[in-house]
Amino acid sequence: MHPFRYEPAADTPAALALGAAAGAKYLGGGTNLVDLMRETIERPDILVDVSRLAGDITLDDHYGLIIGAGVKNTAAATDRLVRERFPLLSQAILAGASGQIRNVASVGGNVMQRTRCLYFFDDAARCNKREPGAGCDAVEGFNRNHAILGASPACVATHPSDMCVALAALGATVRVDGPHGERDIPIVDFHQLPGETPQIETVLRPGELIAAILLPANGVAARSSYRKVRDRSSYAFALVSVAAGLELEGDTIVDVRLALGGVAHKPWRAFIAETALKGGPATPAAFRQAAAAELASARPLRDNAFKIDLATRLIADTLEKLTQTAEPAQ
Ligand SMILES: Cc1cc2nc3c(=O)[nH]c(=O)nc-3n(C[C@H](O)[C@H](O)[C@H](O)COP(=O)(O)OP(=O)(O)OC[C@H]3O[C@@H](n4cnc5c(N)ncnc54)[C@H](O)[C@@H]3O)c2cc1C
């Protein structure tokens, strides 16, 4: 392991001052970063421990619910307000990792976790994300788990987070603190598609720190669900997942929220399907058509064409099941 200095931050200004140094990286629960340091894929000189900062979940008149970046994944998933108002988020977090990991992992670290592409983890393989310009062995390699939407010849890795798929569907905002002050970034704009620069995964600027996630109120809580298809029923990353929410008036769709995991370099908000469905009838045929429209731009690799059909069916089936949920109490 590359030698590093460990600096626990007492508060946000101290974290930002320490985080401004060259070679510094923020440390949450360490469940992802420390693994990557052991593999020498990440080689920070200074670890700025922010795990004791921003540990609250608060109601806010303007923003809805504010979840501090330091809140542990378990605490976020089991919080009463989260379970009542954003059950989709709670389900998505609980679908990820294991109980032990969720007890340690932070919300900020979950947002920033790196891809699980095998070629990224294998330093004998070529990886543009690890070493820009090196090439990508996944494109012609074993790519069953890789992206079908928004990928590029430079990178076909997927974003691994379950939580972020729910955040995308819920229209969450990431609040960041930095050397030039605070700014709010919609989660759908926070993670980037790979293009020619897959090593740049988010719009976070050097030294910036995730402070909180802001969740606006929504009308889909009562009819929402996170479904994850994976090779094992626990402790495995998604092949395809869907975060879905429906608001109905009779059989008419007033609002629909859809995002996919396991299919792209970022959590994939299914805007095409949402637009096709809004204001229309909540029927199985409409769900199938909207799902097919969303997947029309999918470009499969050698081993992952199955994901197109899987994602299409998963969207349609999840939405159909949501129409069968009991009418929400008024
Ligand atoms: C065996 C295993 C299985 C897993 N399975 C799943 C799964 O099925 N689904 C899933 O979603 N996840 C899964 N995970 C990933 C897990 O969710 C992440 O490791 C965890 O969420 C990362 O949180 P952390 O606080 O430990 O982050 P850390 O490891 O501390 O940090 C991760 C990254 O975030 C950065 N960071 C941390 N906090 C901040 C901050 N406040 N601001 C800016 N940057 C920050 C760090 O610099 C680092 O780059 C699994 C992990 C393991 C080890």
Checklist line | Exclusive hit being within 8 Å of the ligand (Cβ to nearest atom), touching a residue at least 40 places away in the same chain (Cβ under 8 Å) and not aliphatic (A, V, I, L, M), set ASN128, ASN110, ASN143 | finding: ASN110
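Does ARG102 meet the test of being more than 8 Å from the ligand (Cβ to nearest atom) and basic (Lys, Arg)? Talk me through it step by step, then tell me what you get.
Numbers: more than 8 Å from the ligand (Cβ to nearest atom): no; basic (Lys, Arg): yes.
Considered against the rule, which asks whether it is more than 8 Å from the ligand (Cβ to nearest atom) and basic (Lys, Arg), ARG102 comes out as no.
Out of all the residues in the range 94-102, is one or more of a type outside the set (S, T, N, Q), within 12 Å of PRO267 (Cβ to Cβ) and open to solvent by less than 30 Å² (accessible area, probe 1.4 Å)?
no
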Notebook entry, point to check: Which of the residues spanning the range 19-66 are without any contact (Cβ under 8 Å) to a residue 12 or more places away in the chain, near the ligand (Cβ under 9 Å from one of its atoms) and open to solvent by 50 Å² or more (accessible area, probe 1.4 Å)?
Noted result: ASP35
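Check whether at least one residue in the range 15-26 is within 26 Å of SER225 (Cβ to Cβ) and modelled with pLDDT of 95 or more, and report yes or no. It would help to see each step written out before you state the result.
Here is the first cut: in the range 15-26, the ones within 26 Å of SER225 (Cβ to Cβ) are none.
The answer is no, given that none of the residues of the range 15-26 is within 26 Å of SER225 (Cβ to Cβ) and modelled with pLDDT of 95 or more.
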Notebook entry, point to check: Hey, ASP123 hits all of (1) at negative phi; (2) in contact with a Pro (Cβ under 9 Å, 6 or more places away or on another chain) but one; which does it fall short on?
Noted result: (2)
Next item on the list: Check THR312 against each of (1) open to solvent by less than 20 Å² (accessible area, probe 1.4 Å); (2) in contact (Cβ under 8 Å) with a residue 24 or more places away in the chain; (3) part of a helix (DSSP H, G or I) and name the one condition it does not meet.
Entry: (1)
Next item on the list: Quickly run through the range 263-294 and pick out the residues that are under 22 Å from the mean Cα position of the chain (by Cα) and touching a residue at least 40 places away in the same chain (Cβ under 8 Å).
Entry: VAL263, ALA264, HIS265, LYS266, PRO267, TRP268, ARG269, ALA270, ALA273
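Do you know which of the residues in the range 103-119 that are touching a strand residue (DSSP E or B) at 6+ places or on another chain (Cβ under 9 Å) and hydrophobic (A, V, I, L, M, F, W, C) is surrounded by the fewest Cβ atoms within 10 Å (Cβ to Cβ)?
Initial filter on the range 103-119 (touching a strand residue (DSSP E or B) at 6+ places or on another chain (Cβ under 9 Å)): 103-109, 111-112, 115, 117.
With the extra rule that they be hydrophobic (A, V, I, L, M, F, W, C), the set shrinks to 104-105, 107, 111-112, 117.
Details: VAL104: 16, ALA105: 25, VAL107: 28, VAL111: 24, MET112: 23, CYS117: 27.
Across the range 103-119, the extreme among qualifying residues is VAL104.
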Next item on the list: Go through the range 153-166 and give me each residue that's open to solvent by 20 Å² or more (accessible area, probe 1.4 Å) and hydroxyl-bearing (Ser, Thr, Tyr).
Entry: THR158
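Out of the residues in the range 192-246 that are among the charged types (D, E, K, R) and open to solvent by 40 Å² or more (accessible area, probe 1.4 Å), which is farthest from ALA264 (Cα to Cα)? I'd like the intermediate steps shown before the answer.
From the range 192-246, those among the charged types (D, E, K, R) are 196, 201, 205, 208, 223, 227-228, 230-232; that's our starting set.
Within this subset, residues satisfying the condition of being open to solvent by 40 Å² or more (accessible area, probe 1.4 Å) are 196, 205, 227, 230-232.
Values: GLU196: 15, ARG205: 22, ARG227: 17, ARG230: 15, ASP231: 18, ARG232: 20 Å.
Filtering the range 192-246 for residues that are among the charged types (D, E, K, R) and open to solvent by 40 Å² or more (accessible area, probe 1.4 Å), the one farthest from ALA264 (Cα to Cα) comes out as ARG205.
With the structure loaded, tell me whether VAL82 is assigned to a helix (DSSP H, G or I) and touching a Gly at 6+ places or on another chain (Cβ under 7 Å) or whether it fails that test. Even if it seems obvious, please write down each step before you answer.
Values: assigned to a helix (DSSP H, G or I): yes; touching a Gly at 6+ places or on another chain (Cβ under 7 Å): no.
The answer is no for VAL82.
Is one or more of the residues making up the range 80-90 within 24 Å of the chain's Cα centre (by Cα), over 26 Å from GLY245 (Cβ atoms) and open to solvent by 30 Å² or more (accessible area, probe 1.4 Å)?
To start, the set of residues in the range 80-90 that are within 24 Å of the chain's Cα centre (by Cα) comprises 80-90.
Checking which are over 26 Å from GLY245 (Cβ atoms) leaves us with none.
No, the range 80-90 contains no residue that is within 24 Å of the chain's Cα centre (by Cα), over 26 Å from GLY245 (Cβ atoms) and open to solvent by 30 Å² or more (accessible area, probe 1.4 Å).
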Next item on the list: Working only within the range 20-63, note down all residues that are in contact with a Phe, Trp or Tyr (Cβ under 6 Å, 6 or more places away or on another chain) and under 17 Å from ILE210 (Cβ atoms).
Entry: PRO44, LEU47, VAL48, VAL50
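The values are calculated or read from the model by the stated rules, or taken from the named source; none is laboratory data. All values reported here derive from a predicted model rather than from experimental measurement. All Cβ positions, glycine included, derive from the backbone under ideal geometry; neighbour counts span all protein chains shown. Each accessible area value is taken on the protein alone, full model and side chains, heavy atoms only, with ligands, DNA and RNA left out. Shrake-Rupley method; radii C 1.70, N 1.55, O 1.52, S 1.80 Å.
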